[in-house]
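Rule-based calculations on the coordinates, nothing more; no lab input. Note that the coordinates shown come from a computational prediction; the quantities given were computed from them, not determined experimentally. Positions of Cβ are backbone-derived with ideal geometry, glycine not excepted, and every protein chain shown enters the neighbour counts.
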Ligand SMILES: Nc1nc2c(c(=O)[nH]1)N[C@H]1C(S)=C(S)[C@@H](COP(=O)(O)OP(=O)(O)OC[C@H]3O[C@@H](n4cnc5c(=O)[nH]c(N)nc54)[C@H](O)[C@@H]3O)O[C@H]1N2
Ligand SMILES: Nc1nc2c(c(=O)[nH]1)N[C@H]1C(S)=C(S)[C@@H](COP(=O)(O)OP(=O)(O)OC[C@H]3O[C@@H](n4cnc5c(=O)[nH]c(N)nc54)[C@H](O)[C@@H]3O)O[C@H]1N2
Ligand code: SF4
Ligand SMILES: [Mo]
């Protein structure tokens, strides 16, 4: 049997591990191991990466477009599918106007070349303000905090993991998630090396996680209360004169005033962390030669998500650790940062129809998509385009959204699966298998702990009749523009290239200044739109690379450690880092009110599981079963106190579920944890249906969002838990 080896970046999470694949002569994946020669991941791999072949070969994956009539689906060819999409969209626009169109893009959009490049053009082509995405159920608070503090919402500082002496991890579990907004393959190995070189790691989490087990210290915190804890640390730094600011800042005195009410003693009962511990956490941070505070999902998808992200970076600034080696720094991607606006960040340029919620980065909160579909009247959503998303399982009030989607006039989904969301589509357009796509991770290059670039060509060719994800999105965008189903798909990337190169030649002092855009275009390399755009952005980028140069580095190219990027990145009106942005100063009132509320009997939080990826990997046998089950983690004291046995009924303002219990003393008393992405059913995914679980997002409705960012609240949801007869 002839075997061959292929190398590729794993696109399944933010760790971007290099994979070494062995394929047989029928192009079946025989084995997957970590690529030892990748300078960034050095052979690391997790169970998901190791299963990429099985995931790709899942027999329930769609291989041809599908059209639904009533409850019955039929396979069609691409021409018929695109014609149906054009007809569906045109009919809604003709009858209700463009505001009746909407877009939801999901998480994997950021892990395909076409998804990330064409997301903006697709939204613009639809010509509607009803744009929603996974960002507002995830990291929007980070963008808002970055936008308000440095003027650049895309600037996300990451811990300088390989050089720091002290790492404070809040609401992240990278030993399981493999890191998020901090691309660091083999996060656990990097943690071990940090400790080996004499460094210290502290984890703050309502659960004693795998990450906490790898740390020096774990501190339980009451869900949702992190900003109060962070404020008390800020208060301590001021109180004990421990601040050491190394960059130009504004708003220092205002910040001191804002922190004044949050003494360690005042916040201790609310946070569940003793005041002396809070003081010590602050002192340790200030005393360490270098230190980094890193916070993720546990603090983002919470009632005060933006306050938390702001105060994390405030602590990094006040201790002199912002933008310096060993502290937190900004990556320098190999591609030109063409997505960034030269203008300072603003939000709230328009507001949602039903709830009047402000846009952020051109999006409305995913938490209000259901309102906009349900509520009749001018501007009601009648048609939805989804790309790589499953909002029925991943956004608040899932069951209600499920019902609302059934009432749409038209829906089209770009997704390899008929899932709990896409089953409502009239047309599903399936992209090819992952291994049939080329890959370059534009997103990850902005948040990696070491500068690095890797381009992977497709491992397998497209089969006759298959369409690339690039072509699908190009055609969809052209249809949305009104150019029809027959338009030449390359028109879209050519338009984008002309615009990009045209702007580039006007920037003074670059090798391209004054050049002829047409000549530059003729010199580009690439087989399709995304590759040509990548080549252009690499050539315009800070390292002067090109697609050809990356092709020569099969295992990826190390571009060196992170380096300071301030003041260059600063885009605030005063040219300094803003420590007390007005919208966040105002939002502290909400936090002070919350501290006075009577405590809820039980608080619900989420958790990630090593062999899951949100909602879409439960149809691969080796990724489900065993410990990967949808269970409610609960402290044994609560089990006894509430008289529970085996199963329980959990209720919130928006729903009620019956769940299997997993008693464990790794969770704080008074807190329960249920993973998301479960609650499968109503689709042809047989393995997932056999491991259905429940949809935690039936409990997270009720309309609460983090005010400055519109982000959904999944952690710290008040619930009651009651016995359920077996
Ligand atoms: N309660 C609760 N809810 C949560 C969270 C939580 O912690 N708790 N986490 C939130 C977070 S952080 C996120 S990111 C969201 C995720 O929310 P979503 O992105 O809406 O959901 P996913 O489950 O990631 O769905 C991804 C979809 O993309 C499809 N897909 C996979 N690969 C490709 C591809 O190459 N091309 C295309 N076109 N499609 C592809 C999959 O089949 C799947 O249908 O969930 C959020 N929801
Ligand atoms: N295996 C696996 N890996 C994944 C994913 C997956 O589904 N499975 N999803 C990917 C995605 S889309 C993302 S965004 C990342 C997320 O990456 P992480 O942020 O690392 O995600 P989690 O593992 O959910 O970790 C969140 C932690 O916050 C804790 N927490 C909950 N509420 C609070 C709170 O109020 N305060 C504090 N301090 N902590 C709290 C939880 O107990 C949990 O340990 O993971 C990515 N990687
Ligand atoms: S850690 Fe993430 S990138 Fe690495 S193999 Fe696993 S899923 Fe893929
Ligand atoms: Mo996410």
Worksheet item: So which residues in the range 210-226 are part of a loop (DSSP other than H, G, I, E, B) and either within 16 Å of ligand 4 (Cβ to nearest atom) or on the phi < 0 side of the Ramachandran plot (or both), if there are any at all?
Response: 214, 215, 216, 220, 221, 222, 223, 225
Discussion item. Looking only at helices (runs of 4 or more DSSP H) that lie completely in the range 267-327, which have at least 1 residues being over 21 Å from residue 706 (Cβ atoms) and more than 16 Å from ligand 3 (Cβ to nearest atom)?
Written reply: 275-287, 305-318
Practice prompt. Tell me, yes or no, whether the range 353-362 has at least one residue that is touching a strand residue (DSSP E or B) at 6+ places or on another chain (Cβ under 6 Å) and either without any contact (Cβ under 8 Å) to a residue 40 or more places away in the chain or surrounded by 24 or more Cβ atoms within 10 Å (Cβ to Cβ) (or both).
Written response: no
Item to complete: Only residues that are in contact (Cβ under 8 Å) with a residue 60 or more places away in the chain, farther than 26 Å from residue 428 by Cα and outside any loop (DSSP other than H, G, I, E, B): list them for the range 18-63, please.
Response: 18, 21, 23, 29, 47
Practice prompt. Given the conditions (1) over 24 Å from residue 136 (Cα atoms); (2) assigned to a helix (DSSP H, G or I), report the number of the one that residue 401 does not fulfil.
Written response: (1)
Discussion item. Every residue in the range 64-113 that is surrounded by fewer than 17 Cβ atoms within 10 Å (Cβ to Cβ) and in a loop (DSSP other than H, G, I, E, B), please.
Written reply: 64, 70, 71, 76, 77, 97
Item to complete: Only one of these is away from ligand 1 (no atom under 16 Å from the Cβ) and touching a residue at least 24 places away in the same chain (Cβ under 8 Å): 164, 136, 211. Name it.
Response: 164
Worksheet, complete the sentence: Filtering the range 501-520 down to residues that are in contact with a helix residue (DSSP H, G or I) (Cβ under 6 Å, 6 or more places away or on another chain), within 20 Å of residue 334 (Cβ to Cβ) and outside any loop (DSSP other than H, G, I, E, B) yields 501, 504, 520
Worksheet item: Could you list, in sequence order, the residues of the range 159-178 that are over 20 Å from residue 560 (Cα atoms) and either within 13 Å of ligand 3 (Cβ to nearest atom) or in a loop (DSSP other than H, G, I, E, B) (or both)?
Response: 171, 172, 173, 174, 175, 176, 177, 178
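To keep it simple, each residue is scored yes or no on (1) more than 14 Å from ligand 2 (Cβ to nearest atom); (2) not in a loop (DSSP other than H, G, I, E, B).
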position: 572; (1), (2): yes, no
position: 580; (1), (2): yes, no
position: 588; (1), (2): yes, yes
position: 593; (1), (2): yes, yes
position: 600; (1), (2): no, no
position: 603; (1), (2): no, yes
position: 614; (1), (2): no, no
Discussion item. Going through 458, 480 one at a time, which residue ends up being in contact (Cβ under 8 Å) with a residue 40 or more places away in the chain and either surrounded by 22 or more Cβ atoms within 10 Å (Cβ to Cβ) or under 30 Å from residue 84 (Cβ atoms) (or both)?
Written reply: 480
Worksheet entry | residue 62 being within 14 Å of ligand 1 (Cβ to nearest atom) and under 24 Å from residue 176 (Cα atoms) | no
